[in-house]
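Please read the structure below before turning to the comments.
The values are calculated or read from the model by the stated rules, or taken from the named source; none is laboratory data. All of these numbers come straight from a predicted model, not from anything done at the bench. Note that each Cβ is placed from the backbone with ideal geometry, even for glycine, and that neighbours are counted across all protein chains shown. When the accessible area is computed, the model is the full protein with side chains, heavy atoms only, and any ligands, DNA or RNA have been set aside. Shrake-Rupley method; radii C 1.70, N 1.55, O 1.52, S 1.80 Å.
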Amino acid sequence: MNKSEKRTKLLEKVENHLRLTARNLVKFDTIQETLDFTVESFQLEFSLDFVAIVLRGDDRLYPKVWKGGSLHFADSFPIHLGECSPEILEEEVKDSYIT
């Protein structure tokens, strides 16, 4: 399997997990509970050491919520977009399942 096929397969797995996760979000009362559940579900599903929901604003990236990783990670933010790899924002995952 080449790099492009692996990337496509990973994106499909992420999109599928997002659909399944979205079905569970209606049971939460607050945005924080929703974000915490989402981050935790991705960490468990993909066996990741670190997961974050990062917001983009004012040409910077800000972590909204995260799980795992080093305590010093938060000290790295906000990050100016010019300091980031262009690949981070290169491709958006299209919402192809909502009509």
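Full extension of the chain between Phe28 and Glu45 yields a length gain of 4.2 nm, computed as 0.36 nm times the residue separation minus the alpha carbon distance. For the chain, a Gaussian network of Cα nodes joined below 10 Å ranks Ile31, Ile53, Ile88 by mean-square fluctuation, and the top entry is Ile88.
For region 79-85, 3J(HN,Hα) computed residue by residue from phi via the Karplus equation (6.51, -1.76, 1.60; θ = phi - 60°) reads 10, 5, 4, x, 8, 9, 5 Hz, glycine and proline entered as x.
For Val51, the amide hydrogen comes within under 5 Å of the amide hydrogens of Lys67, counting only partners 5 or more places away or on other chains and with H modelled in the peptide plane.
Charged side chains reduced to their Cβ positions (Lys and Arg at +1, Asp and Glu at -1) give the chain a dipole of some 340 debye around its Cα centre. For the chain, the carbon plus sulfur part of the accessible surface works out to 52%, probe radius 1.4 Å. Once the 1.4 Å probe is applied to the protein heavy atoms, the chain comes out at 79 Å² accessible per residue. To the nearest 10, the accessible area of His72 is 130 Å² with a 1.4 Å probe. These residues, Ser41, Ser47, Ser70, go from largest to smallest accessible area, 1.4 Å probe, as Ser47, Ser70, Ser41.
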